[in-house]
Amino acid sequence: MTIRTKLTLSMSVLIVFILLFLLGVTHVQFYIFRDFAYLEDKAAFESLREEFEQYYRTNGDSWDHVQSARFEYSGSFAEIVLSAEGEFLVQQGTLSADELRKNGYKLVLFEGDRRVGRLYVMNDKQYKTYEFKTMWYTMLPNIGIASLLFTFIAALLTIFLLSWRLTSPIRQIIQGIASIQKGGAAAVFPERRKDEFGAISKALREMNDSLADAERTRKQLMSDVAHELKTPLMIIQGELELAHETGKPLSAAKQASILDEVLRLSRLVHDVLDLSKLEAGMTELRPRTENLAALLEDVVEKTRYMAEDKQIQLSMHAVEESIPVSVEKSRILQALYNLLTNAIYYTNPGGQIRLLVETTHVPNRQQPYARIRIEDSGVGISEEDLPHIFNRFYRADHSRARPSGGTGLGLAIAQQNILAHRGWIEVRSVVGEGSVFTIYLPM
Ligand code: ADP
């Protein structure tokens, strides 16, 4: 069912309900008027009742000849009917006895405790309301049909115009979606509207943008990975082809270089998989309470030999002896390891690396945080590179000949690991002076 049909139907149902309601209200109002009119003439009503009861008593407990009797108060009423055991004995006025029984005011007549008859009466006012009611009821079918017809036509016209206006943004949205499906030019949605359609359009556009972003990222990742795989594969292929063509066995140095490239490939594949899982939120953390100071000491011990090789002075200071955090050890160790090996790699021989771990408070956050600073006196990162270094495969020095086999994914993996623990990494750097990477982890 289209929106237009639904609107037409609901409007028609509404009109019928309004008419029925009017009918009900008139009906109820009639009885209310009738009873109010009774209150005005209450004394006269009671006197007439007494007159009838008296007639019954003096007539030897019988209504015989009542139709020829004269009742003084009957003159003040427009209509009267007396009924005993369902038969009508007296009638005065123009209304039929049945009509009066339905619309008149009922008085029960007693002889002692015994009911001896029923008197139905109407004074002038009651009669007038009765007349009005009957007139209204005779007119109602005509008025009803006419107004129903009129309102129906008017409603149809309004609905037609209204639904055209109402559904026009929907049609635009459908067109927009169709153009997205066809992969055509940027879809146009009625975003400027201030109503729900504007909100839907905005949400759709944002959804489309983020899907397009995700698609771009996916394509970029594919091409980056292919590019990264190409160089080591070409080196391996070249060496093997040469050996094959010349028939000479591979020298030990060539074997070592091939092994290096194979290791680089395997590291790359491992890192890409790891990062994809982290980014997709598919890595389930199994956190346990760990002492962050101890974890940092662990990483320092593992990397000390690299620093010593380059005569870099590596020092660590934990402000508190125990800094408990709920983390998955291997994930935090991986992040710390990546940051520390970077610091060692990008620091010239004879330089310094300082590590500091402490608890701290962050503005606008209630819970305390653990803060780890990794400060090096290395080559630093330029302002242009700084915003991109956490991107996959981004290398500030644009050379991939890092002997330790950097894949360009180290910082991205470190960042995803810390984000997964609801923390974050900040970086400050001055070219030629060094860099400071700071990790915040909730405690
Ligand atoms: P890579 O495998 O190339 O080290 P990363 O993701 O770990 O990849 O780092 C990205 C880039 O950030 C590096 O290529 C380097 O240019 C820059 N970088 C990271 N850490 C440091 C540092 N401590 N000092 C200077 N530059 C750094």
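Annotations for the structure displayed:
Here's the yes/no breakdown for (1) in a strand (DSSP E or B); (2) of a type outside the set (Lys, Arg); (3) in the same structural domain as Phe52 (by TED's automatic domain parsing):
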| residue | (1), (2), (3) |
| --- | --- |
| Val90 | yes, yes, yes |
| Thr94 | no, yes, yes |
| Asp98 | no, yes, yes |
| Arg101 | no, no, yes |
| Leu109 | yes, yes, yes |
| Gly117 | yes, yes, yes |
| Val121 | yes, yes, yes |
| Gln126 | no, yes, yes |
| Tyr130 | no, yes, yes |
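- Residues satisfying the stated conditions in region 193-214, i.e. surrounded by fewer than 15 Cβ atoms within 10 Å (Cβ to Cβ) and in a helix (DSSP H, G or I): Glu196, Ala199, Ala203, Glu206, Met207, Asp209, Ser210, Leu211, Ala212, Asp213, Ala214
- Test result for Gln255, touching a Gly at 6+ places or on another chain (Cβ under 7 Å) and at pLDDT 90 or above: no
- Residues in region 174-192 that are open to solvent by 80 Å² or more (accessible area, probe 1.4 Å) and closer than 30 Å to Arg392 by Cα were compared, and the one that is farthest from the chain's Cα centre (by Cα) is Ala185.
- Meets criteria (part of a helix (DSSP H, G or I) and not assigned by TED's automatic domain parsing to the domain that holds Ile180) for Leu250: no
- Any chance Ser326 is under 28 Å from Lys277 (Cβ atoms) and polar (S, T, N, Q): yes
- Only strands (runs of 3 or more DSSP E) whose full extent lies in region 322-399 are considered here, and the ones with at least 1 residues that are charged (D, E, K, R) are 352-360, 369-376.
- Taken over region 326-348, residues that are at pLDDT 95 or above and more than 22 Å from Ala412 (Cα to Cα) amount to 0.
- In this structure, Arg57 does satisfy being surrounded by 12 or more Cβ atoms within 10 Å (Cβ to Cβ), of a type in the set (D, E, K, R) and either closer than 21 Å to Phe110 by Cβ or modelled with pLDDT under 90 (or both).
- Among residues of region 429-443, those that are within 11 Å of the ligand (Cβ to nearest atom) and either aliphatic (A, V, I, L, M) or part of a strand (DSSP E or B) (or both), counted: 7
- Condition met for Thr8 (polar (S, T, N, Q) and closer than 16 Å to Tyr137 by Cα): no
- Cβ-Cβ contacts under 6 Å between residues 6 or more apart (or on different chains), taken from a first residue in region 217-246 that is small (Gly, Ala, Ser) to a second residue that is surrounded by 13 or more Cβ atoms within 10 Å (Cβ to Cβ), are listed as Ala243/Leu250.
- Within region 388-407, residues that are in the same structural domain as Tyr345 (by TED's automatic domain parsing) reach partners that are within 8 Å of the ligand (Cβ to nearest atom) and modelled with pLDDT under 55 with beta carbons closer than 9 Å, at six or more positions or on different chains, in the pairs Arg395/Arg402; Gly406/Arg400; Thr407/Arg400.
- Residue match in region 374-387 (condition: on the phi > 0 side of the Ramachandran plot and either hydroxyl-bearing (Ser, Thr, Tyr) or touching a Ser or Thr at 6+ places or on another chain (Cβ under 9 Å) (or both)): yes
- Looking across region 413-424, the residues that are within 11 Å of the ligand (Cβ to nearest atom) and open to solvent by less than 20 Å² (accessible area, probe 1.4 Å) come down to Ile413, Ala414.
- Every residue from region 65-85 that is touching a strand residue (DSSP E or B) at 6+ places or on another chain (Cβ under 9 Å) and either open to solvent by 90 Å² or more (accessible area, probe 1.4 Å) or assigned to a loop (DSSP other than H, G, I, E, B) (or both): Gln67, Ala69, Phe71, Phe77, Ala78, Glu85
- Among the residues listed as Thr94, Thr151, the single one being polar (S, T, N, Q) and exposed (fewer than 15 other Cβ atoms within 10 Å of the Cβ): Thr94
- Looking at Glu241, Glu297, just one residue is at pLDDT 90 or above, among the charged types (D, E, K, R) and in the same structural domain as Ala226 (by TED's automatic domain parsing), and that residue is Glu241.
- Any chance Leu156 is touching a residue at least 12 places away in the same chain (Cβ under 8 Å), assigned by TED's automatic domain parsing to the domain that holds Arg34 and either open to solvent by 70 Å² or more (accessible area, probe 1.4 Å) or at positive phi (or both): yes
- Yes/no for Gln311 being more than 49 Å from the chain's Cα centre (by Cα) and farther than 28 Å from Glu358 by Cα: no
- Scanning region 110-126 for residues that are touching a residue at least 24 places away in the same chain (Cβ under 8 Å) and farther than 14 Å from Phe88 by Cα yields a total of 7.
- Residue list for region 339-397, filter: of a type in the set (Lys, Arg) and either over 26 Å from Ile323 (Cβ atoms) or surrounded by 21 or more Cβ atoms within 10 Å (Cβ to Cβ) (or both): Arg371, Arg392, Arg395
- Of all the numbered requirements in (1) assigned to a helix (DSSP H, G or I); (2) exposed (fewer than 14 other Cβ atoms within 10 Å of the Cβ), Glu239 misses one, and that requirement is (2).
The values are calculated or read from the model by the stated rules, or taken from the named source; none is laboratory data. Just so we're clear, the structure is a prediction, and the values are computed from it rather than from any experiment. No Cβ is skipped: glycine too gets one built from the backbone with ideal geometry, and neighbour counts run over all protein chains shown. SASA here: full protein model, heavy atoms, side chains in, ligands and nucleic acids out. Shrake-Rupley method; radii C 1.70, N 1.55, O 1.52, S 1.80 Å.
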